[in-house]
Amino acid sequence: MLAWATDVHLDFLEAPERRAFGERLGATGCWAVLLTGDISDQRALGRHLIEVAEHAGVPVFFVLGNHDYYHGSVASGRDLARAVCAKAPQLTWLHAAGVVSLQPSVALVGVDGWGDARLGAPDTTPILLNDFRFIEELAFQLAPERNARLRELGDESAAVLAPTLEAALRDHARVIVATHIPPFAEACWHEGALSNDDWLPFFTCDAVGDVVLRAADAYPDKQLEVYCGHTHSPGVARLRPNLVVHTGGARYGHPDLAGAIALP
Ligand SMILES: [Fe+2]
Ligand SMILES: [Fe+2]
């Protein structure tokens with residue numbers, strides 16, 4: 001079993017609470033932990049990832065969320081994720097890991113994803129995320145330039161995922177896709193309902209959604225499961241007979257298990 005948690009925002013906790021959370025994950029008897037982003041912020045991400053792996057006592061697979069890039073740049077956040085995984089073999093940043101074959105029939109793949117300013121009303125939304133203050137590449141820009149950059153970041157995630165997902169589906173009957181941003185409007189739960197057009201541009205990664213849908217349609221006999229977070233509101237959406245998307249719930253200061261992913 002994989003213990004899945006999302007948006008744990010460990011930077012909101014004191015050390016004993018972080019330890020208790022890691023130990024709680026380990027106590028599930030899971031084989032590994034899957035974290036779908038917003039783990040911490042860039043100032044503490046490395047330390048907090050290593051703590052989770054230590055306290056849970058099992059390998060940790062993760063993708064990064066927008067908050068993990070706060071107080072730095074996208075480029076420096078990626079360097080940090082690579083560096084910490086190079087030092088700690090129990091950590092795997094899925095965005096850079098390719099296909100992880102969990103079992104002969106089950107693969108795990110992942111990409112960070114970005115709210116890529118495509119769905120909903122990106123040109124008229126009044127929403128301003130903290131991302132636009134705390135992530136270097138997105139700060140001090142007017143909306144058109146910022147939205148163009150967000151679309152590029154979404155496209156980058158899609159370009160990373162497409163060949164990885166294709167390779168995973170060729171060799172496995174079931175593929176688990178981890179990503180931070182919901183890839184579809186139908187999976188974009190916000191405060192218990194589907195997100196409105198003002199939030200959708202920053203709450204969905206349409207480019208990743210296109211890749212996932214194409215893959216599901218190209219391999220109708222294979223099962224695809226997406227696990228994501230970001231919106232802190234749980235829900236399940238079935239996009240195709242062979243494609244289901246699980247969006248995990250979360251509360252700041254109260255990290256918890258979002259689900260248990262059964263493995264045969
Ligand atoms: Fe979050
Ligand atoms: Fe997020």
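The values are calculated or read from the model by the stated rules, or taken from the named source; none is laboratory data. Because the structure is predicted, anything quoted here is derived from the model rather than measured. Please note: Cβ atoms are built from the backbone with ideal geometry, for glycine as well, and neighbour counts cover all protein chains shown. To get the accessible areas, we keep the full protein, side chains included, count just its heavy atoms, and leave off ligands, DNA and RNA. Shrake-Rupley method; radii C 1.70, N 1.55, O 1.52, S 1.80 Å.
None of Val211, Val226, Val244 is within 16 Å of ligand 2 (Cβ to nearest atom) and modelled with pLDDT of 95 or more except Val226. Selection of region 210-232 for residues being part of a strand (DSSP E or B) and buried (at least 18 other Cβ atoms within 10 Å of the Cβ) yields Gln223, Leu224, Val226, Tyr227, Cys228. Right, Gly77: assigned to a helix (DSSP H, G or I) and within 16 Å of ligand 1 (Cβ to nearest atom) or not? So Gly77 passes the test. Apart from one condition, Ala207 fits all of (1) more than 16 Å from Gly113 (Cα to Cα); (2) part of a helix (DSSP H, G or I); the exception is (1).
Contact annotation: residue pairs with Cβ atoms under 6 Å, 6 or more positions apart or on different chains, pairing a residue in region 30-55 that is away from ligand 1 (no atom under 14 Å from the Cβ) with a partner that is of a type in the set (S, T, N, Q) and open to solvent by 10 Å² or more (accessible area, probe 1.4 Å), are Ala53/Gln90. Answer yes or no: is there a residue in region 103-120 that is within 18 Å of the chain's Cα centre (by Cα), buried (at least 18 other Cβ atoms within 10 Å of the Cβ) and β-branched (Val, Ile, Thr). Yes, the conditions are met somewhere in region 103-120.
A single member of Phe184, Phe140 is buried (at least 16 other Cβ atoms within 10 Å of the Cβ) and aromatic (Phe, Trp, Tyr), and it is Phe184. Considering His71, His95, His48, His67, the condition of being within 16 Å of ligand 2 (Cβ to nearest atom), closer than 24 Å to Ala168 by Cβ and not acidic (Asp, Glu) is satisfied by His95 alone. Scanning region 108-139 for residues that are out of contact with any Asp or Glu (no Cβ under 6 Å at 6 or more places or on another chain) and polar (S, T, N, Q) returns Thr124, Asn130. Which ones in region 146-172 are open to solvent by less than 60 Å² (accessible area, probe 1.4 Å) and among the basic types (Lys, Arg)? Correct list: Arg146, Arg149.
If you go through region 221-247 and pick out every residue that is aliphatic (A, V, I, L, M) and within 13 Å of ligand 1 (Cβ to nearest atom), you end up with 0.
Within region 56-74, if we keep just the residues that are open to solvent by 40 Å² or more (accessible area, probe 1.4 Å) and either more than 16 Å from ligand 1 (Cβ to nearest atom) or among the hydrophobic types (A, V, I, L, M, F, W, C) (or both), the residue that is farthest from the chain's Cα centre (by Cα) turns out to be Gly57. Taking the stated definitions as given, is Val175 part of a helix (DSSP H, G or I), touching a helix residue (DSSP H, G or I) at 6+ places or on another chain (Cβ under 6 Å), closer than 24 Å to Asp221 by Cα and open to solvent by less than 10 Å² (accessible area, probe 1.4 Å)? No; evaluated as a whole, the condition is false for this residue.
All told, Gly253 falls short of being at positive phi, open to solvent by 40 Å² or more (accessible area, probe 1.4 Å) and not acidic (Asp, Glu).
Residues of region 196-209 that are farther than 19 Å from His67 by Cα and open to solvent by 70 Å² or more (accessible area, probe 1.4 Å): Asn196, Asp197. Take region 83-102 and flag every residue that is more than 16 Å from Val63 (Cα to Cα) and either assigned to a loop (DSSP other than H, G, I, E, B) or within 19 Å of the chain's Cα centre (by Cα) (or both). Passing the criteria: Ser101, Leu102.
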